Every structure is written in structure tokens, then in C-alpha cells.
Amino acid sequence: MPEIRVTPLGAGQDVGRSCILVSIAGKNVMLDCGMHMGFSDDVDDELEIKAYYAGHVLGAAMFQIKVGSESVVYTGDYNMTPDRHLGAAWIDKCRPNLLITESTYATTIRDSKRCRERDFLKKVHETVERGGKVLIPVFALGRAQELCILLETFWERMDLKAPIYFSTGLTEKANHYYKLFIPWTNQKIRKTFVQRNMFEFKHIKAFDRAFADSPGPMVVFATPGMLHAGQSLQIFRKWAGNEKNMVIMPGYCVQGTVGHKILSGQRKLEMEGRQVLEVKMQVEYMSFSAHADAKGIMQLVGQAEPENVLLVHGEAKKMEFLKQKIEQEFRVSCYMPANGETVTLPTSPSIPVGISLGLLKREMAQGLLPDAKKPRLLHGTLIMKDSNFRLVSSEQALKELGLAEHQLRFTCRVHLHDTRKEQETAVRVYSHLKSVLKDHCVQHLPDGSVTVESILIQAAAHSEDPGTKVLLVSWTYQDEELGSYLTSLLKKGLPQAS
Amino acid sequence: MAAHLKKRVYEEFTKVVQQQQEEIATKKLRLTKPSKSAALHIDLCKATSPADALQYLLQFARKPVEAESVEGVVRILLEHYYKENDPSVRLKIASLLGLLSKTAGFSPDCIMDDAINILQNEKSHQVLAQLLDTLLAIGTKLPDNQAIQMRLVDVACKHLTDTSHGVRNKCLQLLGNLGSLEKSVTKDAEGLAVRDVQKIIGDYFSDQDPRVRTAAIKAMLQLHERGLKLYQTIYTQACKLLSDDYEQVRSAAVQLIWVVSQLYPESIVPIPSSNEEIRLVDDAFGKICHMVSDGSWVVRVQASKLLGSMEQVSSHFLEQTLDKKLMSDLRRKRTAHERAKELYTSGEFSSGRKWGDDAPKEEVDTGAVNLIESGACGAFVHGLEDEMYEVRIAAVEALCMLAQSSPSFAEKCLDFLVDMFNDEIEEVRLQSIHTMRKISNNITLREDQLDTVLAVLEDSSRDIREALHELLCCTNVSTKEGIHLALVELLKNLTKYPTDRDSIWKCLKFLGSRHPTLVLPLVPELLSTHPFFDTAEPDMDDPAYIAVLVLIFNAAKTCPTMPALFSDHTFRHYAYLRDSLSHLVPALRLPGRKLVSSALSPNIMPHEDPSHQFLQQSLERVYSLQHLDPQGTQELLEFTIRDLQRLGELQSELAGVADFSATYLRCQLLLIKIMEETYKMEFMYSGVENKQVVIIHHMRLQAKALQLIVTARTARGVDPLFGMCEKFLQEVDFFQRCFIADLPHLQDSFVDKLLDLMPRLMTSKPAEVVKILHTMLRQSTFLHLPLPEQIHKASATIIEPAGESDNPLRFTSGLVVALDVDATLEHVQDPQSTVKVQVSYPDGQAQMIHPKPADFRNPGPGRHRLITQVYLSHTAWTEPCQVEVRLLLAYNSSSRIPKSPWIEGGEMSSQVETSIEGTIPFSKSVKVYIMPKPARR
């Protein structure tokens, strides 16, 4: 029995880690495992890989892995809502056997993105207007660029003067790549690219450590995003004491980080060296996370129409909820294996069979109207040769195999009680059949026999009983249906002549 | 025909002989056929290869064929068709047949038999498809011939089973266009079974080829368009197509569903897998909403657009479109409606706005929450944040339409529209501002919403700001803080972008007059008056101060207690502004002050207005007293004109009517100047109806007659008179043809008499004609000018250049300098083609510049704004000098009249639309100081 086996190694019911092992049609594929520079992997000839736009970060992709007719789609991280710099994830109706989707926000349905953007801009604008400083901890890639574009265009439209900085290093380098890969960004950036590359920021400059102490309002993007170390934490410590300032957390924070603590409302933080930091600045949370929300996940499942769904990258409790929804909504089975747990899915791969054009056309010509619901019977011969299937007409099959055609004929005798002569009986049979079988061609031949299509009926006198006539019915194997119908009809006897 | 068939069969077996046969055929035919077809025939026979033949056919297709010779050409083509064995040539012939049968004046029924015949013997699918196309052309040409339509439909049905999608496509198209509309057409003599076209087309909804499926849906839509009522059963079929794999099918299916939902909005459909039922329009609405999150943006645009016109949808479905979270399930909406509501408020899903609210709450009955099927949920939220701006614009438009029909929805969608003001694409922002303006009658802005709206005032795009001013003009604000906020932001806007001055003043005018009670408590603060101290008198020329005053004065118009709060200088400023900016400052009844023009009470409705009565009376006086002695008439007219003009100045709403009438009266007086004046009347006013145009033209005709007489009296020779006479008669003839329908209204007029005498005039000598005209002009009575409903005078104001600068614009002679011109145009119809900029140099040289169509913006109905650049150039001057810039209205009297190919004695051709007959200056000229310097060598 062919099957697909999936074993999450890091991503099963877990948010932080990744790596999934998939066995499909005898091939093993390791997903989301990072890559080793310097090694080049040979990809099997039978393995087909197709990438779909995922919208999560620049260059993010969902992959379809296909062997023969069996396929698996692995989404990786994706985003179904377009943002200021990237489009939305998109997939065609590829109907894979299995869709492995992330489920970070399995229980969230986000509000309109625009409200969040407006809130964000309003908060930043207000803080800057009253002379405060805004810290936005971000990861180098993705949100940083989105928020940069958002603020940049806002600054430009409103003609604001307060400086915006982003921390050097990774972000700068990332911006460079964003500038290069314009075709992967959203409609607006692609369209205006000819006049101006949106990633060449006018208002946003590189940050220097010394700027943190300079007076006056400013906005700073700093890494890392969860305030657990590095530059963002340094700046946070400097600004935390002033209530005019603000920190905006644009995404998810893992438990134990400073970000998580302040979001949970903690106002006094213990820093290393027994120092206690009092947080007076405003703390705001704004979900700018570029993961699909529950509705987005459902939307993707709806678009791809998979046979099975498997959830990874999420918390077990939340996944359970989404799993239920998916099963109820799409009536497909949904799995959420833990790390190391293997899910086995039996598949029934379709086997392609080649059909000869002549046969197909002949069969097509018989049916007049297209009707998808009605299965159609087709006569032909299936030839299996070198793992190659072909459906051809029987004549051709005979020819190819060098066989002579055998005729199989059924004959049957029907006794009729009739005292008249054979010829008269034949005439009666003829008129009876003619009246019953209106759609068939019934003929009375000069030699006294009756034909219905290719079925021959002859009447003969019984050798012993002159009052009984014997009807000889003979038909070929192909006409079995009609033939047996005829015999049963004749066995009922002829109607009394009026 | 039988001969043809025989030949065709013969050809199929003996292909080699064929060429020679063709040669023989030429000789027989050449003599009998008309020249055009003969030429084609010879060409085709000369062709040695299919490529050659194609070339000839292509050449032939470029030239038009007269209706008389079409049939001959068709015969030749058919002749060749039978002989031709190259499918591409046959294809071309088939397409030519289609083109030819469209020729005006040719009745294609005679070639239909042949077309159907060749169709039956054709093997190539492409040619078949083309032939069906030809049949379609023939069928559409003969819409009244039932028998032919039946026959064509029959042919189409026969070929529906063809294996090629192209053929099936065309068949369906044919069925859609020609299928009989009544189901029970009596069987005709040939025994053709009556076919149920809808059923046949419906069967192809499940064709294997997506193109055929699309064609089937389109054919169905075509049937609908032609007036056939579609069956309700189609709805279920169409719903299945919504999940088709191909976008064009889905897109067409969305349309079909929409059509059915408009046909049967109130019928009840069952909800699958439950025993409940809902209205069809609601169900369709849900389904189309679902398509707003389709994978293909073409479908999304289509779906978003159609949502806007589904006004019959129930309000609770409508309101769901704005909320993603509301999980009220269709299946359980009646039984568990309350539960769904509770679910919404309890927030099973987190919103992503607050930290930590995404922990799964208590388990809900899984049947109650349905993420996908409750399609309407959040459709607009999705549409508005779509990746493609086409979808967003469509969604905004749909919101607008739905909000206009449902005030409660308008209230709800406000937040979303406001959000769209921050869209990244300017077009979308602009569209949402316009939308908001359209629905603003239904809504009142909350303070926080106003805040967001006002934030956009800082936008650097002028179009956006002006659209926003328009919006604020008709916005309702709920609190006095709101008004204050709006004023502050507008003033901020004014300092940041001083060019917005006029627009902001206008905006404040409306804001004031809409919210008098809210402005009242703000007055002391705004005027910075103090109960005890006199404050400094503000600068009268400060635009910001004027802005504040405009707001206050307009509010004071309906709030009589307000003037008590004014200080002395405010009253002085009022008097000044009332004079200088009378369009912005209304007449106020101020206590203890006698005002020049305050006699009019603002409450009186316009049609009861005494000034309007006065206008009517003075006009009637003129019309009734027309048999006075000439001296008296003239005096009366002069007085009336003066009265009307003054009236127009005083009453801006009557300005159009009064001015129009006055101009007409002046025409009576000054027949010599009539040419210019009539042109002005015709082209400077919008809203002039045909009735008036007739009279204007009539006037012009009289003037021309007068001109003729004058020339006859003064000119010595007879020769020029001949020409003039002839031309005049031509014009009379033209007038008659153009306004034949209006002639009954012109009883007893000049032209009426003139037409009576026309036969005599035609044969008379010029001297006699002049004599007749002379007497007729004297006898002709005065025509009553009916007043049009709506009449507006076209006017223009040049805002920039202001003409105040003393610094000359210096540039090197021979090169060009770009001068920015910014002007507002009021009541100009089709400004793109009529408004020109004229630059006159001191040396008398004048230049007319045609601004680009894109330079005209349309900020509101009847108003246009021209923002363009004019290039100036001249040879070197010794010192700076002024050039004059003004706007001209170009006119062309023939363009106004419908059906105008033979206008002006037939001398005009197809260029009529573009040519300019003359121009009328309609703006004050502005002087610009320029200085072309000699180029340095």
C-alpha cells in the first residue's frame, strides 16, 4: 500500500524549532532543516518541486513536493494578508495529498490590518509630537522593512521632521537585498519602482550608539525583536525611565524575555547585577506578525483543496482548536503530531493509462451530451508492458499481440407452442419483435430468418412434436446484453394473433 | 447547390485536377460579374498558392464594398470556398463573409443557405468556428426574422457536440445571441422541434473545457441581457461553478449568480445540510462575498464590484461584511442567533491588538462557529486590504453604493473608509474620500474619526486635500470640539499650503452654515474677544483671519444671537468681506445696521423669491408690449436689460437666468452685433436645451439676412451678391433640416415666413431676394424665449499667475520658459476640447495653446480645474514687458447639433468635431511680466 509518512523532528506542536521528515513514494525529504553551505545536494529525477509565493518575508516560499501523482505541500511560514511591502501568499488548486501548514496563530482572527496600522502611526505620531522617543524592537528581516516603509511614507505624506533610525548590521544588509528583489514585493512598490525604489529611504538613517542620548524626539528600529539582548535592550534600558517615551512590540515574544515580561504588565525588571529597572515608558503591543491567522490558514486550505492537513509550528492547545475547525469545515482529516511522532497516510495514487486517440474519439462520438456525473462504459483492451499502461481497441490489441480473433457465439433454443408453419412463426416473431424493439433494427430476411441488429433468429419445426416450433437464437459475445434480453422476451411466448 | 456539392465531393477525391478546373471556371464568369467581384475573382484565380490567395483576400478586405455589389462578391467567395482545400484560405473567406454580411444596406438572408450548406461539409474546426461566427453576424443582422433565427439555432445545436472547444464556443455564443426568447414558440412548418435554449446552454455548464463553460455562462448572461427571464434552477448550477478550477469560469459564474439574485431576490433557498432556508439574495450575497477572497484577483474585482449593487440584501448580512469575527452561522442563525451574538462579544478569537488574549477560551459547540461558509463575514475587510489596488477600489465603490442605500451600514462602514484614507495608493485614498463625501448625508463623524480624517489634510497631494475639503463641506460634526479641531487643522493646512486658500474658505463656509449652534460657543475664542478689554484688531488681509470670519459669518446667518458677540471691527470687516468676497459671506441681518442688500430674507424658497417674480414680470412686460412704437420698444428693452443685469449681480442664483434673458433682449436691440452674441449664448452656458438653440440659430439667421441686405445696399456689383444669396439660401435649408421638429414652435416667425416663400426665393434674382427679405424682417414678430430649467454661465478665473509680480520672468530668447497656469472653470461642458489658453505678446502676436486633457481635474459637479504649463518664447527684448494670458472657449456651431454630416453647406467633413469655428474669451486676462534676454555668444 503506498503511503506518505511524516515525522516532525522539531516543529511538532512547538513554535521555536523546525525540521520535518517526509517520506513520499519511497523518497525521503527533509523540510525546513537549514542548509549546509558548500554542500550541493542532488535532487532525484522523479522529484518535482514547485515554489509558491508565501509573503512572509522577502523570498519566502511554500513548496509543493511531487512524486508521480502523490504530492505534499509544505507552507513554511506564510502570510495571507498583504502588507506594506509584500503581497499575500497564493496557491493554486493543486489538490495535494497532504498540506503541512504552520499554525502559529491558530486561534487568532485579526482585525483589519488598517486599524492596526492607523493605531501604530497615531501612537508614533503622538509620541513624537510631544517630544518623546519611540523604540520599536524588530527582527532584522520582514517586520523591520514593513514598518520602515509604513513610517517612511507617513513621514513623507505628513512632512514630519523627527529622525528615524534603524540599527546597523543585519537590517542594513537586509535592506540592500530588498532593494534588489523588487519583483518579489507588492504591487505598489513594483509600480512605483521606476520613479523611485521605495527601499531607498529618505527619512530613515542608520543608527549610531551615540544617538540614543541625543535630545528630542526620534524613532528607532533596533534588533532583536524580543528585547532579550543586544542593541534593542540597551536602548530600552536608557529610555525606560521616561514616561514620554514609548516602546512598541510589533510581534510575538517568547516567555522569559524582557519583551514578554513588560507585555505582561511587569513594571519592575531585574537586570543582571541585581539592578532593578523601573519601566515608566509606555508599552504597546501591536501584532504586525507576518503569519497567517486562523482565517488565513482556512483560506489557504480552501484554496489548495488537500486531502489531508497536518499542523506544525504551533502550541498544542491552539492547534487542537484549529484541527477541529478544519475537520468540520472541509471534511478532511487533520493531524498534529508531536515531535518524533509519525503520521502515516495511505494514498491511492492514480495510475496513468494511455488511451489510443482512435478509441477515445470513437467512444466520444457515441455520447451526445457531456455529462460529468454519469460514468461511461468503454470497451477496450488494457495492455501492460514495461510498467506502461495502454488502453487500445481490441482489434489493435490483437494486431499488436499477433493473435487471431476468436468469435464467441451464444446460441439458444426457445420452444414455442405454435401449430403453424415455420415461415408463419417467423413472420409472427418478426412482427412481435418489431413492435417491442422500436429502437433496434429488426429485419425479416428472404430466407425466412429474422435479425435484430446482429442477432439471428431462425424458426424450425420440432422433430417430435409438430405443435411446437423451435426458435434458434444466436448472438455474439459483444451483443450479450441484447441477446439475453431477446431470449427472455421470446421465452414469454408470442402474443395471440388477433 | 447540388452541383456545388458534387463538385466538392469530386474535389476531395481528385486533388490534382483541381487547379485546372479553377482556370476553366474563370473564363465563364468574368463577363457576367460586376467589376469589383470580377477583380477579386481574377485575383483569386491568379493565385498559385494558398499564401498568394490569402494575400489577395487581405488586400480585398481593406477596401469597403458597396451594398449593391456585396452579393456578387459573396458568390465569388463562395465559389472559391468550394474549390479551396487550404483551411487557412477558407478561414479567411469565412471571416470575409461575416464582414460582408455586416455591410449596411445589405440583407444577408440570401447568403444564409450557402453558409449553412458549406458548414455541413466543413471538416476543419477552425473554419467551422469562423463559419458559425459568420452565421452569428447574419443572425444579428436579421433580428426580426423568426424562421432564420430558428434555423440558425438548430444549426448551432447540431454542432454543439463538436470535439473542438472553438466550435462549441461559437455555437453557445450563437445560442446566446439568437436563441428564441419565448419558450413556447409554435412549431413551424418544417417541423423543427422547439428547443429550450436555456436548458441546452445549461447542459454545457459542466463541459470538460473551461473555455466552453465560460462561453456557456456568457451565453446565459447574453440571454438575460436580451430580456429572457432565466430559470431559478440555474442558481444551483451556477453556485457549483463558483468552485471551478478556472478563473474565467468563476468570474462569469459570479456574474450569473448576481443576475439570478436580482431576478429572484425574495425566493427561498434551502441551506445545504440543514433544514433551514434563507432568501436567495442573501444566499447569493454570502456566496459572492466568499469570492472576495478568491485566489484570482480578476474574480475578486468582479465580486467586489457586484456586491455594491445588491441592495436588497438583509441588513444583518450586510453588516457582517465588516466584521471578520462575527461567526453567526447561516445554518443556525434563527435558532442560535443570540448565541452567536454572545460568541461575538466573548471573542473566541483574539484580535491581535492586545497582548495575551489569544489563549483558547472555553470550548464552543463546534457547530456554531463556521469560518468559511458564513461567507459574508468580513468580506469587505478582506476586500479593503487586498493586495491589488483594483480590488480595493472596487470594494470602496461597492461600500459607497451599499452605504448610500442603508444609513445604518453607512454608519458602520465609516471606520473602514476612514482607514482607507491611509492607503498606499493615492487613487484609492482619493476614491475613498469621494465615497465618504457621497455618503456624508447619512452620517455624523465622531471626534476620533474626524481626527483621522483631518490628519489627511497634511497630505502633500493637492488632489487629496481638495477632495477632503469637498468632503468637509458636507460633513456633519457632532461636537463643538470637532468644529474647533476642523478649523485648527484647516488653518494648519492653510499655512502649510497657501495655495489651498480658496478651497479652504469655501469649505469653512459650508462648515459654518451647517453647524451654527456648534460654532456659537466658539465665537469669543475664535475672534479672541475679551469681556473687558479691547483686543488688537486683526489684519484684514490675513487669509487665516478671513477663514475664521467666513466660518463665523456663515454660522451667524441662521443664528441671530451670534452678532451680539461681535466686536466693532468685526462688523467693519463684515461689510468689507461682504463686498469683496460676496460668494463666501452671506447677507446678515445685523442689529441696528442698515445693509445695502439685506432686503432679501434667506428663508424664502427660491421659486417664491420676489426677485424671481420680478424677473418674470419684466420679461413678460417686454413680450407683451412688443407692438409699441419702435422708440418705445427700444427704451423698454434698454431698461429691462439694465434691470436684469443688476438683478443678476445681486442675486447669484438668478444670475444665469437674468443674464441669459438680458443677452437675448440685447440681441433684439443690436442686430448688427448679433453674430458674436449668439455664439456666446450658445457656448458659454451649460444646460441650454434644444428649444433655446433653435431660437439662437433663428436669431443668427435673421442677422445673416440683415447682413445680406446691408451688403446689397452698399455693394455695387451683382456678382458677389449671387454667391451670398446662394449661401444664405443654403443656410435656410440647413436650418430647416436641423430643426424640422421645432418648426411648429416658430409660428409666424421670420423663418416660418421665409420657408413659405422658399420656392419663390430659389428662383428669384438677388435684388428681389433682398427685397423680400427686407419686408419679411420688418414683419417678423418677436419670439418668446422659453427659459431653460437649469442654466449656468461658463466662467473661468485664473488663480495663477496672479499677475502681481514685479520681477520679470527672465529667459534666453529662442528658448522656452514654462509658465504655470492654474485656473478654475465653472460650468464648462467638455473643457478638454473647448478650453484654450491664449497668450498675447506686446507685439500683437497671439498664441493659442491647447492644454492636455490630463491637465483638467474635476473636483466637483460642474467645476473643473485647469493646472497646466504654458510655454512662452520670443525673440530678445530690450526691456521686460507684459504678456497677457487669458482663457478662451472655443466653439463650433455644428458640433452642438445632432446628425451633422452635411453641416454648413456640406463643406465640413469628418473633422467637424475637432475644428474650431471661433473663440470667446471667458476669463479676465492676467498680465505676466517677462523678459527674453539675448543669448550670449
For region A:79-94, does any single residue satisfy the condition of being closer than 25 Å to residue A:344 by Cβ and either under 16 Å from the mean Cα position of the chain (by Cα) or surrounded by 22 or more Cβ atoms within 10 Å (Cβ to Cβ) (or both)? yes
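Would you call residue A:273 more than 21 Å from residue A:123 (Cβ to Cβ), in contact with a strand residue (DSSP E or B) (Cβ under 9 Å, 6 or more places away or on another chain) and free of Cβ contacts under 8 Å to residues at least 24 places away in the same chain?
Values: more than 21 Å from residue A:123 (Cβ to Cβ): yes; in contact with a strand residue (DSSP E or B) (Cβ under 9 Å, 6 or more places away or on another chain): no; free of Cβ contacts under 8 Å to residues at least 24 places away in the same chain: yes.
Spelling it out, it is not the case that residue A:273 is more than 21 Å from residue A:123 (Cβ to Cβ), in contact with a strand residue (DSSP E or B) (Cβ under 9 Å, 6 or more places away or on another chain) and free of Cβ contacts under 8 Å to residues at least 24 places away in the same chain.
Name the residue that is farthest from the other protein chains (Cβ to nearest Cβ), counting only residues in region B:379-406 that are among the small types (Gly, Ala, Ser) and over 14 Å from residue B:288 (Cβ atoms).
Here is the first cut: in region B:379-406, the ones among the small types (Gly, Ala, Ser) are B:379, B:383, B:394-395, B:398, B:403, B:405-406.
This time we only want the ones that are over 14 Å from residue B:288 (Cβ atoms), so: B:403, B:405-406.
Details: B:403: 17, B:405: 23, B:406: 20 Å.
Among them, the one singled out is B:405.
May I ask you to say which residue of A:189, A:235 is in contact with a Leu (Cβ under 6 Å, 6 or more places away or on another chain), assigned to a helix (DSSP H, G or I) and of a type in the set (Val, Ile, Thr)? First the steps, then the outcome.
On the way: A:189 fails: in contact with a Leu (Cβ under 6 Å, 6 or more places away or on another chain).
Only one candidate qualifies: A:235.
Residues in region A:43-51: is at least one within 11 Å of chain B (Cβ to nearest Cβ) and either among the charged types (D, E, K, R) or on the phi < 0 side of the Ramachandran plot (or both)?
Checked against the condition, which is being within 11 Å of chain B (Cβ to nearest Cβ) and either among the charged types (D, E, K, R) or on the phi < 0 side of the Ramachandran plot (or both), region A:43-51 yields no hits at all.
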Mind counting the residues in region B:138-175 that are more than 14 Å from chain A (Cβ to nearest Cβ) and either free of Cβ contacts under 8 Å to residues at least 12 places away in the same chain or assigned to a loop (DSSP other than H, G, I, E, B) (or both)? 4
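Looking only at region A:476-498, count how many residues are over 52 Å from the mean Cα position of the chain (by Cα) and over 25 Å from residue A:420 (Cα atoms).
First, pick out the residues of region A:476-498 that are over 52 Å from the mean Cα position of the chain (by Cα): A:486-498.
Cutting the leftovers down to over 25 Å from residue A:420 (Cα atoms) gives us none.
Number satisfying all stated conditions: 0.
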Consider region B:55-84. How many of its residues are open to solvent by 50 Å² or more (accessible area, probe 1.4 Å) and at pLDDT 80 or above? 5
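Residues of region A:122-168 being open to solvent by 10 Å² or more (accessible area, probe 1.4 Å), touching a residue at least 24 places away in the same chain (Cβ under 8 Å) and within 13 Å of another protein chain (Cβ to nearest Cβ), which ones? Step through it out loud before you land on a result.
Step one: list which residues in region A:122-168 are open to solvent by 10 Å² or more (accessible area, probe 1.4 Å), which gives A:122-123, A:125-126, A:128-131, A:133, A:139-141, A:143, A:153-154, A:156-157, A:159-163, A:165-166, A:168.
From what's left, touching a residue at least 24 places away in the same chain (Cβ under 8 Å): A:123, A:125, A:128-131, A:133, A:139-141, A:143, A:153-154, A:156, A:160, A:162-163, A:165-166, A:168.
Residues satisfying the conditions are A:123, A:125, A:129, A:153, A:154, A:156, A:160.
Please verify whether residue B:447 is within 13 Å of chain A (Cβ to nearest Cβ) and farther than 19 Å from residue B:313 by Cβ, treating the condition exactly as stated.
Numbers: within 13 Å of chain A (Cβ to nearest Cβ): no; farther than 19 Å from residue B:313 by Cβ: yes.
In short, no.
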Looking at region B:407-437 only, could you name the residues that are acidic (Asp, Glu) and within 11 Å of chain A (Cβ to nearest Cβ)? B:415, B:419, B:423, B:424, B:426, B:427
Selection from region A:269-285 of residues among the β-branched types (Val, Ile, Thr) and either in contact with a Pro (Cβ under 7 Å, 6 or more places away or on another chain) or under 28 Å from residue A:116 (Cα atoms) (or both) yields A:279, A:283
Would you check if there is a residue in region B:525-537 being exposed (fewer than 13 other Cβ atoms within 10 Å of the Cβ), in contact with a Ser or Thr (Cβ under 9 Å, 6 or more places away or on another chain) and at positive phi? yes
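How many residues are farther than 27 Å from residue A:101 by Cα and either touching a Cys at 6+ places or on another chain (Cβ under 6 Å) or open to solvent by less than 10 Å² (accessible area, probe 1.4 Å) (or both) if we restrict to region A:264-305? Give the steps one after another, and end with the answer.
Kept after step one, since they are farther than 27 Å from residue A:101 by Cα, are these residues of region A:264-305: A:264-284.
Imposing the further condition that a residue be either touching a Cys at 6+ places or on another chain (Cβ under 6 Å) or open to solvent by less than 10 Å² (accessible area, probe 1.4 Å) (or both) reduces the set to A:269, A:279, A:281.
Total meeting the criteria: 3.
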Find the residue count for region B:831-860, including only residues that are in contact (Cβ under 8 Å) with a residue 60 or more places away in the chain, over 13 Å from residue B:921 (Cα atoms) and touching a Lys or Arg at 6+ places or on another chain (Cβ under 8 Å). 2
Is it the case that residue A:179 is of a type in the set (Lys, Arg), assigned to a helix (DSSP H, G or I), within 13 Å of chain B (Cβ to nearest Cβ) and open to solvent by 10 Å² or more (accessible area, probe 1.4 Å)? no
Matching residues, region B:98-136, being under 18 Å from residue B:69 (Cβ atoms) and in a helix (DSSP H, G or I): B:98, B:99, B:100, B:101, B:109, B:110, B:111, B:114
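If we keep just the residues of region A:326-346 that are loosely packed, with under 14 Cβ neighbours inside 10 Å, more than 19 Å from the chain's Cα centre (by Cα) and not small (Gly, Ala, Ser), which is farthest from the other protein chains (Cβ to nearest Cβ)? Full working, then the answer.
Quick first cut of region A:326-346, residues loosely packed, with under 14 Cβ neighbours inside 10 Å only: A:331, A:338, A:340-342, A:344, A:346.
Of the ones still in play, those that are also more than 19 Å from the chain's Cα centre (by Cα) are A:338, A:340-342.
So of that shortlist, the ones also not small (Gly, Ala, Ser) come out as A:341-342.
Details: A:341: 21, A:342: 26 Å.
Only one residue tops the list, namely A:342.
Look at region A:93-122 and say how many of its residues are part of a strand (DSSP E or B) and modelled with pLDDT of 90 or more.
5
Could you tell me whether any residue of region B:478-492 is out of contact with any helix residue (DSSP H, G or I) (no Cβ under 8 Å at 6 or more places or on another chain), modelled with pLDDT of 85 or more and of a type outside the set (A, V, I, L, M, F, W, C)?
Residues of region B:478-492 that are out of contact with any helix residue (DSSP H, G or I) (no Cβ under 8 Å at 6 or more places or on another chain), as a first pass: B:488.
The next check asks that each one be modelled with pLDDT of 85 or more; those that pass are B:488.
From the residues that got through so far, the ones that are of a type outside the set (A, V, I, L, M, F, W, C) too are none.
Scanning region B:478-492, I find no residue that is out of contact with any helix residue (DSSP H, G or I) (no Cβ under 8 Å at 6 or more places or on another chain), modelled with pLDDT of 85 or more and of a type outside the set (A, V, I, L, M, F, W, C), so the answer is no.
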Within region A:102-122, how many residues are under 25 Å from the mean Cα position of the chain (by Cα) and aliphatic (A, V, I, L, M)? 2
Conditions first: (1) more than 30 Å from residue A:243 (Cβ to Cβ); (2) within 14 Å of chain B (Cβ to nearest Cβ); (3) open to solvent by 10 Å² or more (accessible area, probe 1.4 Å); (4) aliphatic (A, V, I, L, M). Residue A:61 passes all but one, so which condition is the exception? (2)
If residue B:25 satisfies every condition in (1) surrounded by fewer than 18 Cβ atoms within 10 Å (Cβ to Cβ); (2) among the hydrophobic types (A, V, I, L, M, F, W, C); (3) at pLDDT 80 or above; (4) touching a Cys at 6+ places or on another chain (Cβ under 9 Å) but one, which is the exception? (3)
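Results for (1) modelled with pLDDT of 75 or more; (2) under 26 Å from residue B:862 (Cβ atoms), shown as yes or no for each residue.
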position	(1), (2)
B:598	no, no
B:608	no, yes
B:611	no, yes
B:620	no, no
B:623	no, no
B:647	yes, yes
B:654	no, yes
B:657	yes, yes
B:690	no, yes
Out of the residues in region B:265-320 that are assigned to a helix (DSSP H, G or I) and among the small types (Gly, Ala, Ser), which is most open to solvent (accessible area, probe 1.4 Å)? B:315
Just to confirm my filter: which strands (runs of 3 or more DSSP E) fall fully inside region A:383-498 and include at least 1 residues that are open to solvent by 70 Å² or more (accessible area, probe 1.4 Å)? A:388-392, A:409-417, A:442-444, A:455-461
Looking at residue A:88 and the list (1) farther than 28 Å from residue B:419 by Cβ; (2) at the interface with chain B (Cβ under 10 Å from one of its Cβ atoms), which single condition is not satisfied? (1)
Tell me which residues, restricted to region B:381-419, are closer than 12 Å to residue B:309 by Cα and surrounded by 21 or more Cβ atoms within 10 Å (Cβ to Cβ). B:394, B:395, B:398, B:399, B:400, B:402, B:403
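The values are calculated or read from the model by the stated rules, or taken from the named source; none is laboratory data. Here the structure is a predicted model, which means the values were calculated and not measured. Note that each Cβ is placed from the backbone with ideal geometry, even for glycine, and that neighbours are counted across all protein chains shown. Note: accessible area is taken over every heavy atom of the protein model, side chains too, but ligands, DNA and RNA are not part of it. Shrake-Rupley method; radii C 1.70, N 1.55, O 1.52, S 1.80 Å.
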